[in-house]
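Structure first, commentary second.
The values are calculated or read from the model by the stated rules, or taken from the named source; none is laboratory data. Model, not experiment: these values are computed from the prediction. Virtual Cβ from ideal backbone geometry, glycine too; neighbours counted across all protein chains shown. Ligands, DNA and RNA are excluded from the accessible area calculation, which covers all protein heavy atoms including side chains. Shrake-Rupley method; radii C 1.70, N 1.55, O 1.52, S 1.80 Å.
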Amino acid sequence: MEGPHHTLELLHIQPNFDAESMKAYNLETALRQPEQITALYIHNRGLREVPVAIQHFRNLRVLVLSANQLTELPSFLRDFPALEHLDISQNQIIAWPEILSHLPSLRQLHLSGNPIARFWQKMPAWPNLEVLHLDEMQLKQYPESIAECPKLRRLSLRANHLRSALPDWSMLPLEHLQLAKNRFRDWPVSGPLPQLQVLDLSQNKLETCIPREGNLLNLEQLLLGNNRISDLPSNFQSLPALRTLDVSKNRLSTLPAIPSLRSLQLANNLIEKVVGDWSNCTTLRELDVSKNRMIDLPPGLAVIPRLRLLNLSGNPLGVLPALSSAPHLMKLELRGHRFTEFPTIIWQMDRLQQLEGLGSQVDCRQLLRFMEQARALEMAPEVRGALYHFWKHDLEQPARATLWQGLKFPQRALRRKCRAALLDTSTLLTKGDYLAGLGRHQFDPLALKTKLQQEGITWQDQIDTQTTHVLLGSGAIPLAAELPDGVQLLSQQLLYRFLHRNSYLLNEPAEVRQNLGRLLTSGQAVSIGLAIEMLKPAGLLDSLRTEAFVAWYSTTVSSQRRALRRMLILSGADETEKALQLANLLRKAVTEERLQQLVDLGNFDLQKLRQFSYFA
């Protein structure tokens, strides 16, 4: 994002090195090849004087001595005719170093943070100087020699005591001008700066912002944050190249449209309304109006066509209306909102990658993940919204066509909820019905067909207009159009219970069921096989589920494991298959947490399981 945080980087350019240049970061290393060293960096080493050994580096072009405790510069620096970059910032130099007047090749000079008394009267003009940093030097007036540096492109006068208008620098090729943290009350740029691209006047005391027409024709970034500006003038049209405007932390109450902008920072103001035609702001990509006083989003902001980043945090908004930029938004911040209802415009944000403030961070991540999957499945916005609210907020059950699409999602919880809503648990099969299957099921096809024929029900290999019921197996994700109107959906469990509703075991004494349970838990393959043969026609009763699971867990006969697995899945809950997968982990280590999870998923009896050594 373009903004005020980039200004200091823009004001500092790296030295130009050729392929032969060598850098060194301590004297010991540099002295091994003094003739080849062209750049020496001795930063924050506690130096009180410049080491004499530096005079051996005759080819030095870059010398950095910043953040030390130097009080003066040695005279031997005049012996470096090729020196182009000198950084002595953040030292303790009090008297003006006369040696600086003898370095005509300087291209970059950093003097910031030195308490040099009245240096602006002594500073010479450097004919080749391009970058000059004079930050934190208690300047009250501008050094006159600045106007005599014909190649100066970047000038930083940050954190001084300046308050008067700029001198006539119209002849300078200035591109970046840093004037933050001074004492300006009035607009300081009175004359033209035709090549200026970045102007930073943040953290001053400006009350007005009135750029004169024609003065800043190439200005691209204007940083005015943390001032006292209460009104933006309408003559921003006089800045045709302006792309970034930061007016955060001011006193603005209204906001005019500025068509040329790409980034507009307006946080921490008093904005309640906007004026002008914002639909013409076709280049605006970033808008931050956080921490203002907007109760309703002004219509002007809603019609900006191609926003990528929008920050509305800290405004007492009750509703988030339709946004023209919704399909283009990539980041949306809504912290501190007061929405009375979920903003449905969210479902149209196909490119949204970052979301904050719509619930917890976990809620926002889940919503973004849901949106990403919905886009991949090419779901319409209204389908996304209906499914999400049904899943997360238990709102009105969506139409069957929408629930079908919910079965496509990777989230198990959403699929399970849609599946449960699709299934008809009230209507059982009757004589004369036609039943077809969708997806994979656990029934033996021949046995199922025979059993249905005994009930007077016809099994169909495919769905047609005669179909009255559909068996919904795993992996069944058809389109709604594949189902005739009025078709009832059945789960495997419901069909299994229907087919075994008259199990003879229900009429047998409890002792018979207990003996069957002993066969299942005997650990003997013959006994388990006998129990399975008895259960095939009778069906697995709920009271024997735990014993059947123990048999499945203990037997090593693959055919018995397949038969028991089929019975457990068909007679149990949707999560039974997951319970059987979890059971394999218990073979490695039985933990209380895993055991409890197993019981919950498979609907088993924990007290019964504890009786067997496998689960002790």
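Considering every residue within segment 56-63, establish whether at least one is open to solvent by less than 10 Å² (accessible area, probe 1.4 Å), at pLDDT below 90 and among the aliphatic types (A, V, I, L, M).
No: segment 56-63 contains no residue that is open to solvent by less than 10 Å² (accessible area, probe 1.4 Å), at pLDDT below 90 and among the aliphatic types (A, V, I, L, M).
Take the residues in segment 231-252 that are of a type in the set (D, E, K, R) and touching a residue at least 60 places away in the same chain (Cβ under 8 Å), then tell me which one is surrounded by the fewest Cβ atoms within 10 Å (Cβ to Cβ). Don't jump to the end; show me each part of the working.
Taking segment 231-252 and keeping what is of a type in the set (D, E, K, R), we get 231, 243, 246, 249, 251.
Filter once more, so that each one left must be touching a residue at least 60 places away in the same chain (Cβ under 8 Å): 243, 246.
Working: R243: 19, D246: 26.
Only one residue fits best here, namely R243.
Each row is one residue, and each column tells you yes or no for (1) touching a residue at least 12 places away in the same chain (Cβ under 8 Å); (2) open to solvent by less than 70 Å² (accessible area, probe 1.4 Å); (3) within 23 Å of the chain's Cα centre (by Cα).
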site	(1), (2), (3)
L367	yes, yes, yes
Q373	yes, yes, yes
R419	yes, yes, no
K431	yes, no, no
A436	yes, yes, no
G456	yes, yes, no
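Could you list, in sequence order, all residues of segment 253-282 that are in contact with a helix residue (DSSP H, G or I) (Cβ under 7 Å, 6 or more places away or on another chain), buried (at least 19 other Cβ atoms within 10 Å of the Cβ) and over 17 Å from D296 (Cα atoms)?
Correct list: A257, I258.
Which residue pairs have Cβ atoms closer than 9 Å, lie 6 or more positions apart in sequence or on different chains, and pair a first residue in segment 102-124 that is closer than 12 Å to E136 by Cα with a second residue that is basic (K, R) and surrounded by 15 or more Cβ atoms within 10 Å (Cβ to Cβ)?
Pairs that qualify, where the first residue is closer than 12 Å to E136 by Cα and the partner is basic (K, R) and surrounded by 15 or more Cβ atoms within 10 Å (Cβ to Cβ), are S112/R158; I116/K122.
Would you point out the residue of segment 330-342, among those that are modelled with pLDDT of 90 or more and in contact with a Leu (Cβ under 6 Å, 6 or more places away or on another chain), that is most open to solvent (accessible area, probe 1.4 Å)?
Residues of segment 330-342 modelled with pLDDT of 90 or more: 330-335.
The next check asks that each one be in contact with a Leu (Cβ under 6 Å, 6 or more places away or on another chain); those that pass are 331-332, 334.
Details: K331: 45, L332: 0, L334: 3 Å².
The residue in question is K331.
Mind telling me which of the residues L155, L109, L139, L166 ends up being buried (at least 17 other Cβ atoms within 10 Å of the Cβ), within 42 Å of the chain's Cα centre (by Cα) and either under 24 Å from Q203 (Cα atoms) or of a type in the set (V, I, T) (or both)? Before the answer, list the steps.
Working: L109 fails: either under 24 Å from Q203 (Cα atoms) or of a type in the set (V, I, T) (or both); L139 fails: within 42 Å of the chain's Cα centre (by Cα); L166 fails: within 42 Å of the chain's Cα centre (by Cα).
Of L155, L109, L139, L166, the one residue that is buried (at least 17 other Cβ atoms within 10 Å of the Cβ), within 42 Å of the chain's Cα centre (by Cα) and either under 24 Å from Q203 (Cα atoms) or of a type in the set (V, I, T) (or both) is L155.
Working only within segment 114-134, note down all residues that are open to solvent by less than 20 Å² (accessible area, probe 1.4 Å) and either in a loop (DSSP other than H, G, I, E, B) or touching a Pro at 6+ places or on another chain (Cβ under 8 Å) (or both).
Passing the criteria: N114, I116, F119, M123, W126, L129, L134.
Looking only at helices (runs of 4 or more DSSP H) that lie completely in segment 502-616, which have at least 2 residues being open to solvent by less than 40 Å² (accessible area, probe 1.4 Å) and in contact (Cβ under 8 Å) with a residue 24 or more places away in the chain?
Working: elements: 510-520, 525-538, 545-554, 558-571, 576-586, 592-602, 606-609.
Result: 510-520, 525-538, 545-554, 558-571, 576-586, 592-602.
Residue-wise test of (1) open to solvent by 20 Å² or more (accessible area, probe 1.4 Å); (2) assigned to a loop (DSSP other than H, G, I, E, B).
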residue	(1), (2)
R351	yes, yes
D363	yes, no
M379	no, yes
E396	yes, yes
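If the Cβ limit is 8 Å and pairs must be 6+ apart or interchain, which residue in segment 33-53 that is part of a loop (DSSP other than H, G, I, E, B) pairs with which residue that is of a type in the set (G, A, S) and modelled with pLDDT under 90?
Listed pairs, sorted by first residue: I37/A24; I37/A30; T38/S21.
Filter segment 201-220 down to residues that are within 34 Å of the chain's Cα centre (by Cα) and under 17 Å from P259 (Cβ atoms) and give me whichever is least open to solvent (accessible area, probe 1.4 Å).
Only one residue fits best here, namely L219.
If the Cβ limit is 6 Å and pairs must be 6+ apart or interchain, which residue in segment 214-230 that is on the phi > 0 side of the Ramachandran plot pairs with which residue that is open to solvent by less than 30 Å² (accessible area, probe 1.4 Å)?
N226/S202
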